[in-house]
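So the structure is just underneath, and the comments pick up after that.
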2 protein chains.
Amino acid sequence: MLDKTVVRNVLEKVKAEGREALTAPEGKLLCDAYGITVPQEGLAGSAEEAASLASEMGFPVVMKIVSPDILHKTEAGGVIVGVETEEEAKAGYDKIIANAKAYNAKADISGVQVQQMLTGGQEVIIGSVTDGSFGKLVAFGLGGILVEVLKDITFRLAPVTQEEALSMLDSVQAADMLKGVRGGDPVNREALADMIVRVSELVNDYPEISELDLNPVFATKDGAIAADVRIVVDFAQKAPRHRPSQDEIVTAMNKIMRPKAVAVIGASSEEGKIGNSVMKNLINGGYKGEIYPVHPKADEILGYKAYKSVKDVPGEIDTAIFAIPAKFVPGALTECGEKGIPGAVLIPSGFAEAGEPELQDEIVKIGRKYNVRLMGPNIYGFYYTPENLCATFCTAYDVKGSAALSSQSGGIGMAIIGFSRSAQMGVSAIVGLGNKSDIDEDDLLTFFEQDDNTKIIAQHCEDLKDGRAFAEVARRVSKKKPVVVLKAGRTSAGAKAASSHTGALAGNDKIYEDVFQQVGVIRARSLRQLLEFARGVPVLPTPKGENVVIITGAGGSGVLLSDACVDNGLELMSMPDDLDAAFRKFIPPFGAAGNPVDITGGEPPETYKNTIRLGLQDDRIHSLILGYWHTIVTPPMVFAKLVSEVKEEMAAKGIEKPIVASLAGDYEVEEASEYLYQHGIPAYPYSTELPVEVLGAKYKWARGAGLL
Amino acid sequence: MLDKTVVRNVLEKVKAEGREALTAPEGKLLCDAYGITVPQEGLAGSAEEAASLASEMGFPVVMKIVSPDILHKTEAGGVIVGVETEEEAKAGYDKIIANAKAYNAKADISGVQVQQMLTGGQEVIIGSVTDGSFGKLVAFGLGGILVEVLKDITFRLAPVTQEEALSMLDSVQAADMLKGVRGGDPVNREALADMIVRVSELVNDYPEISELDLNPVFATKDGAIAADVRIVVDFAQKAPRHRPSQDEIVTAMNKIMRPKAVAVIGASSEEGKIGNSVMKNLINGGYKGEIYPVHPKADEILGYKAYKSVKDVPGEIDTAIFAIPAKFVPGALTECGEKGIPGAVLIPSGFAEAGEPELQDEIVKIGRKYNVRLMGPNIYGFYYTPENLCATFCTAYDVKGSAALSSQSGGIGMAIIGFSRSAQMGVSAIVGLGNKSDIDEDDLLTFFEQDDNTKIIAQHCEDLKDGRAFAEVARRVSKKKPVVVLKAGRTSAGAKAASSHTGALAGNDKIYEDVFQQVGVIRARSLRQLLEFARGVPVLPTPKGENVVIITGAGGSGVLLSDACVDNGLELMSMPDDLDAAFRKFIPPFGAAGNPVDITGGEPPETYKNTIRLGLQDDRIHSLILGYWHTIVTPPMVFAKLVSEVKEEMAAKGIEKPIVASLAGDYEVEEASEYLYQHGIPAYPYSTELPVEVLGAKYKWARGAGLL
């Protein structure tokens, strides 16, 4: 049982004394309370006692004089290291006492401290930091130069389970060192993980512990002992961010995203005005709910009766879209609150991003007061295609599909829209989050989780206002639907001044990297990847296993596709003999079976067809990567159609596996790739990387969701 | 002066004795001969001599009994470590002798060995391996776990210059350790580099040294000492590959690539035959030289007089294109040789790739005998657009430009053709290398180096038959023209069994990585990158300095572009105050100057124009990255045209800087990107990565070529 009284007492004392750090003995008390093993020690009052203490804790031991009058213990001959036997301990006691008396005859001697001496094993570091966004994190790294020079450290949200802690041991670059190098013993992984768990619980239980370092921890085959503990505290806790319950979020977001009626505040008949564009998009987009233009003077706008205020509107309004200058927002928002409108879409800029944080604070307060959820400000608005809703001043978008995308930045939002239109990517929603004064990524996750129109959620963000909330929701949602995030600002992360080791090592981006991994979020490395994942991942069925087989007409593509498999964490199936023989039946004698299956160039459609069919039929194969080589014998569209046919033939028999394709050839492969994509096979011309990246993302998701 | 006689004598002895490795004393002799510092040692016959030896080499020293009769020196009390003073040395001598006599009174005692004792400093490893393709390589890594567990090691072609050796110290991940960590001293970089140079010269001078390890080397602030040396030899030298001189290559390749007359062996009138496609491509491609179809029976093919054999052709022939089955190639090739044709383009497959290495050996011998250079076999042929020459059975390609591409694989060749056509990328040449029985990448480099139609050389390869030759040529050519290589098979590199440390660490791909870097080759990470670099890099002028500035309408793009700059080794200029103020004059008050210069969304064309003009005019800025955000105020084509105008306006004043652009917006940005590309500005829709990668490649080249 954890003895929390001890911890509370220590922390109260530190607080009362206005200190920012614990002393070593105080640190030890906390460790003891949480079962974090530290070196054993005891005070001996006699030679016999020293010998028996040492014997109990196990040799070797260190012996040190304990006297308030002797500060320079070594100088006084008051320290003996490497005491190996009971006899040495007894003799050591006598010698230390004698030396001490010789050094200072008047010294008040309390006795001799006997402490377990740590030797051998692997030095590691276990620590904790408090991140502004993610809160308490626990860290693990290999001691000494590996963390200091190579910054080889990994983080997890605290608290962690034993399983998560074990995963940390494998997440450092030098993980092999824990398995025993140069003939050494492997460390006791369970003991090390247990210590990580205990640290994570300690910092989680006491928010005032802002940083913690166990450095070094000696990890051996028998266990783990923390040789030194350093704990930094911060009693000035910041006020927790307002977080509605998940049910409240679902209710509000459903009103906002699927409104029965919308008001356009600042609606306009004048071409070129934002309020005009929004009106037109609502109307031309085919939105079927009520549309209420709001304007101080107009009676009618684009054929709709206009109102002076939302309060004049007779019916209920779910979403108010703002297209008025920033300075008028607080007044209009208050009216929305009084009207009981649950959501405000704040297109205007001129708030925090423009050096007006007070104005933003003001609207946040109004929103909170009346329980109006705010999207933005400083956004392009949003699209929700199942309702034909284009609540934006950008051009309308109407290709319905299953990808829900969002962006923090308007520019990236425009790129999403452009790419979607160009690639004919079906979307369920595109949402601008802008300044994220209220609604942010986790609100969207919560909504899209229960939105049957959405199969994948892809988000661009520069920061997470509440990383902890995001992580908690993402962990749950990613089990059901892939969550892909492009985290921008990876490299500009300023290293904050920090007073502990672990703190200094906490490069912001590494935290995002590790937490995303922990909660099952797929990280996109580039804007194009975010977009391609959003397009390709929902097209693919979930694989039933890790065995990937490449079937290629071009040996050269096969090599590049293999490289891409390794880069994307995909496992090239090692081909069983019988299957190898089965493939060989279909390919020329000089073709290469094994994996990749190289059917060689110049083969007729039947060869592609037979080998792909075999790949789909055999239960041991879980996914196919196709490499097509343009020849006149099997032209691009012939290939595209035969692949689709085989896929459908197998689907009719209940066989569905992910298939992706790379098409090498003249420009006709572009049309063929489009055709394949439309038939459920993500396919790319002139690229061996993209198809494998998309398949890799599907696998990452399936693994994170526990489906593999 | 290096004493080579000693080395030769040692190696002869090892060879005579049929050994594969040198003994430690033999290794020391080689080290001494090449000035590689090893611990000093000497044999003392008296206490005084021991003291004086120790004093000369510097304390601490180790002392050891030397007696053929005492094998277990420690057991005999015959070893003392950590001898610190002359007195200790004297006493140590006497004690060791006394102990030895007590241990074995009859022992024949030669004296006491005094050896320099190495302590402290940084342990590093210096070694050498012999690579099948690159030959002698020198390696450097940090000792102990860093090389063993993290494989943190770097390679260079041997021999290296002092400067190259110094660059190795910065090329390991843990480079900071050499600069002194935890308050330690930095190592003596010059001394360490000097040792690397000496090792590289030793292995270069003696090809029979197949592997060498100095492990560990103790590097301190004062110098470097190799504590242990291990040398493995292999006297079975493989025959050097035939390498024509650079002049011979230039002469032959010019004949082949720019022939005055070509023969098509296996020309055919029959639709669908390869010999028919080749003929049509030559004719329809617009080739102006003579075309001689060769066919055993036909009198005329597609309007050209046909011949039974090349030997019947009245005029000279420069290039013979083979479109006949493999088994007929040797005969026809012999005729080509007898006719004195300098080049054969061997389209047929059915050689080494199809399990017929003997047939390939046969044609190589014929080629060598008659001095016919062979392209292929197993290729699609080649294109050389300045001569309107499509010597291939693939579709014709005629967009002239400055990129010369080649591929080892036909599939990748087709992707090159397709991408080129789709992107309207002008090329000077596209060449298939296939089995590379003779002509390979370095022959092409040598030709394209002196080909004024070529400004960039982009090559796909799976291996280099002669990496050493490639590296030597690439080192020279890359100073003049960018050389980009996509090396496939990065991850399949089988770790060969090796008997030394360095050998075991030599992951094949790491060698390619380091050698490419050493000789100035830009490595493409993906097929798409190879293609985009070939398209974009020659479009850009060479930058005059490292200062890159981002000007963006979308803050979100600015963040992603900044990330991409870091990823691609580009330096975001830190903005001087006066320049910051100058930019601020053009942008809204809430826009962010600094770098990126965020002009904010919704700005009119003038704002883009003014800031871009300023960026081009100011001498301190060397390159611009533009982030465009689609708005109705500045539509995509308006942006594209204004950028081109400003660029031309500045060009008229003699100002030329690299500009690349990322366009975020609706699909109209695709047309705008095309327009920009055609006006010398590599521009990409929906991607913040690609433009920066292209600029990064230009910088890598300029740095490697010594232009920055």
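The values are calculated or read from the model by the stated rules, or taken from the named source; none is laboratory data. This is a predicted model, so every value here is computed, not measured. A quick note on method: Cβ atoms are made from the backbone with ideal geometry, for glycine too, and the neighbour counts reach across all protein chains shown.
Residues to consider are A:ASP108, A:ASP176; find the one that is part of a helix (DSSP H, G or I) and charged (D, E, K, R). Spell out the reasoning first.
Details: A:ASP108 fails: part of a helix (DSSP H, G or I).
Answer to the check: A:ASP176.
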Original post:
Any idea how many residues of region A:352-394 are within 14 Å of another protein chain (Cβ to nearest Cβ), more than 29 Å from the chain's Cα centre (by Cα) and crowded, with 21+ Cβ neighbours inside 10 Å?
Top reply: 4
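Which of the residues spanning region B:149-169 are farther than 24 Å from B:TYR34 by Cβ and without any contact (Cβ under 8 Å) to a residue 60 or more places away in the chain? Break it down stepwise before answering.
Restricting attention to region B:149-169, the residues satisfying the condition of being farther than 24 Å from B:TYR34 by Cβ are B:149-152.
Across region B:149-169, the qualifying residues are B:VAL149, B:LEU150, B:ASP152.
Criterion first (small (Gly, Ala, Ser), within 24 Å of the chain's Cα centre (by Cα) and either surrounded by fewer than 24 Cβ atoms within 10 Å (Cβ to Cβ) or part of a helix (DSSP H, G or I) (or both)) does A:SER402 satisfy it?
Numbers: small (Gly, Ala, Ser): yes; within 24 Å of the chain's Cα centre (by Cα): yes; either surrounded by fewer than 24 Cβ atoms within 10 Å (Cβ to Cβ) or part of a helix (DSSP H, G or I) (or both): yes.
Criteria met by A:SER402.
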Subject >> Every residue from region B:274-307 that is surrounded by fewer than 20 Cβ atoms within 10 Å (Cβ to Cβ) and more than 14 Å from B:ASN388 (Cβ to Cβ) >> reply: B:PRO296, B:LYS297, B:ALA298, B:ASP299, B:GLU300, B:LEU302, B:GLY303, B:TYR304, B:LYS305
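Could you go through region B:613-633 and let me know if any residue there is under 30 Å from B:ARG703 (Cα atoms), surrounded by fewer than 17 Cβ atoms within 10 Å (Cβ to Cβ) and within 14 Å of another protein chain (Cβ to nearest Cβ).
So the first thing to find is which residues in region B:613-633 are under 30 Å from B:ARG703 (Cα atoms), and the list is B:613-628.
Narrowing further to those that are surrounded by fewer than 17 Cβ atoms within 10 Å (Cβ to Cβ): B:617, B:619-620.
Next cut, within 14 Å of another protein chain (Cβ to nearest Cβ) only: none.
No, region B:613-633 has no match at all.
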Original post:
For region A:638-670, what are the residues that are without any contact (Cβ under 8 Å) to a residue 60 or more places away in the chain and within 14 Å of chain B (Cβ to nearest Cβ)?
Top reply: A:PHE639, A:ALA661, A:LEU663, A:GLY665, A:ASP666, A:TYR667, A:GLU668, A:VAL669, A:GLU670
**OP:** Specify the residue that is farthest from the other protein chains (Cβ to nearest Cβ); the eligible residues are those in region B:681-690 that are touching a strand residue (DSSP E or B) at 6+ places or on another chain (Cβ under 8 Å) and assigned to a loop (DSSP other than H, G, I, E, B).
**Re:** B:ILE681
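If the requirement is being in contact (Cβ under 8 Å) with a residue 12 or more places away in the chain, surrounded by 15 or more Cβ atoms within 10 Å (Cβ to Cβ) and charged (D, E, K, R), which of these qualifies: B:GLU75, B:GLU26, B:GLU87? Reasoning before the result, please.
Details: B:GLU75 fails: surrounded by 15 or more Cβ atoms within 10 Å (Cβ to Cβ); B:GLU87 fails: surrounded by 15 or more Cβ atoms within 10 Å (Cβ to Cβ).
The match here is B:GLU26.
Look at A:TYR370 and say whether it is closer than 21 Å to A:ASN276 by Cα, at pLDDT 95 or above and not assigned by TED's automatic domain parsing to the domain that holds A:ASP509.
Working: closer than 21 Å to A:ASN276 by Cα: no; at pLDDT 95 or above: yes; not assigned by TED's automatic domain parsing to the domain that holds A:ASP509: yes.
Judged against the criteria, A:TYR370 is not a match.
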Original post:
Which one is surrounded by the most Cβ atoms within 10 Å (Cβ to Cβ) among residues in region A:445-458 that are within 27 Å of B:GLY558 (Cα to Cα) and either free of Cβ contacts under 8 Å to residues at least 60 places away in the same chain or touching a His at 6+ places or on another chain (Cβ under 9 Å) (or both)?
Top reply: A:ILE457
Original post:
Which of the residues spanning region A:128-169 are assigned to a strand (DSSP E or B), over 22 Å from A:LYS238 (Cα atoms) and small (Gly, Ala, Ser)?
Top reply: A:ALA139, A:GLY141
**OP:** Could you give me the residue pairs with C-beta distances under 8 Å whose first residue belongs to region B:557-574 and is more than 10 Å from chain A (Cβ to nearest Cβ), whose second residue is of a type in the set (Lys, Arg) wherever it lies, and which are 6+ apart or on separate chains?
**Re:** B:GLY569/B:LYS700; B:MET573/B:ARG620
Original post:
Condition test on B:PHE470, is it among the aromatic types (Phe, Trp, Tyr), outside any loop (DSSP other than H, G, I, E, B) and away from chain A (no Cβ under 14 Å)?
Top reply: yes
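Take B:ALA344 and tell me if it is within 14 Å of chain A (Cβ to nearest Cβ) and not in a helix (DSSP H, G or I).
On the way: within 14 Å of chain A (Cβ to nearest Cβ): no; not in a helix (DSSP H, G or I): yes.
No, not satisfied.
Out of B:GLY545, B:GLY520, B:GLY594, I need the residue that is in a loop (DSSP other than H, G, I, E, B) and touching a Phe, Trp or Tyr at 6+ places or on another chain (Cβ under 8 Å). Which one? Please lay out each step first, then the result.
Details: B:GLY545 fails: touching a Phe, Trp or Tyr at 6+ places or on another chain (Cβ under 8 Å); B:GLY594 fails: touching a Phe, Trp or Tyr at 6+ places or on another chain (Cβ under 8 Å).
When all the criteria are applied, what remains is B:GLY520.
Here is a yes/no grid of residues against (1) assigned to a loop (DSSP other than H, G, I, E, B); (2) touching a residue at least 60 places away in the same chain (Cβ under 8 Å):
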{"position": "B:ILE256", "(1), (2)": "no, yes"}
{"position": "B:PRO259", "(1), (2)": "yes, yes"}
{"position": "B:ALA263", "(1), (2)": "no, yes"}
{"position": "B:GLU270", "(1), (2)": "yes, no"}
{"position": "B:LEU282", "(1), (2)": "no, yes"}
{"position": "B:ILE291", "(1), (2)": "no, no"}
{"position": "B:ILE321", "(1), (2)": "no, yes"}
{"position": "B:THR334", "(1), (2)": "no, no"}
Original post:
Across region B:148-166, which residue is surrounded by the most Cβ atoms within 10 Å (Cβ to Cβ) among those that are among the acidic types (Asp, Glu) and away from every other protein chain (no Cβ under 14 Å)?
Top reply: B:GLU164
**OP:** Any chance you could count how many residues in region B:73-101 are of a type in the set (D, E, K, R) and at pLDDT below 90?
**Re:** 2
**OP:** Within region B:455-467, track down each residue that is outside any loop (DSSP other than H, G, I, E, B) and either within 14 Å of chain A (Cβ to nearest Cβ) or not small (Gly, Ala, Ser) (or both).
**Re:** B:ILE456, B:ILE457, B:ALA458, B:GLN459, B:HIS460, B:CYS461
**OP:** Name the one entry in A:ILE70, A:ILE96, A:ILE65, A:ILE80 that is assigned to a loop (DSSP other than H, G, I, E, B) and surrounded by 13 or more Cβ atoms within 10 Å (Cβ to Cβ).
**Re:** A:ILE70
**OP:** Residue by residue through region B:575-591, note down the ones that are part of a loop (DSSP other than H, G, I, E, B) and within 14 Å of chain A (Cβ to nearest Cβ).
**Re:** B:ILE587, B:PRO588, B:PRO589, B:PHE590, B:GLY591
Original post:
Within region B:202-238, which residues are closer than 19 Å to B:LEU169 by Cα and acidic (Asp, Glu)?
Top reply: B:ASP213, B:ASP222
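Here is a yes/no grid of residues against (1) over 27 Å from B:ILE196 (Cβ atoms); (2) among the aliphatic types (A, V, I, L, M):
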| site | (1), (2) |
| --- | --- |
| B:ASN9 | no, no |
| B:TYR34 | no, no |
| B:THR37 | no, no |
| B:SER46 | yes, no |
| B:GLY58 | no, no |
| B:ASP69 | yes, no |
| B:LYS73 | yes, no |
| B:ALA76 | yes, yes |
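Give region B:528-556 a look and list any residue that's among the hydrophobic types (A, V, I, L, M, F, W, C) and more than 8 Å from chain A (Cβ to nearest Cβ), or say none.
Of the residues in region B:528-556, the ones among the hydrophobic types (A, V, I, L, M, F, W, C) are B:530-531, B:533-534, B:537, B:539-540, B:548-551, B:554.
Correct list: B:LEU530, B:PHE533, B:ALA534, B:VAL537, B:VAL539, B:LEU540, B:VAL548, B:VAL549, B:ILE550, B:ILE551.
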Subject >> Every residue from region B:337-346 that is touching a helix residue (DSSP H, G or I) at 6+ places or on another chain (Cβ under 6 Å) and in contact (Cβ under 8 Å) with a residue 40 or more places away in the chain >> reply: B:PRO342, B:GLY343
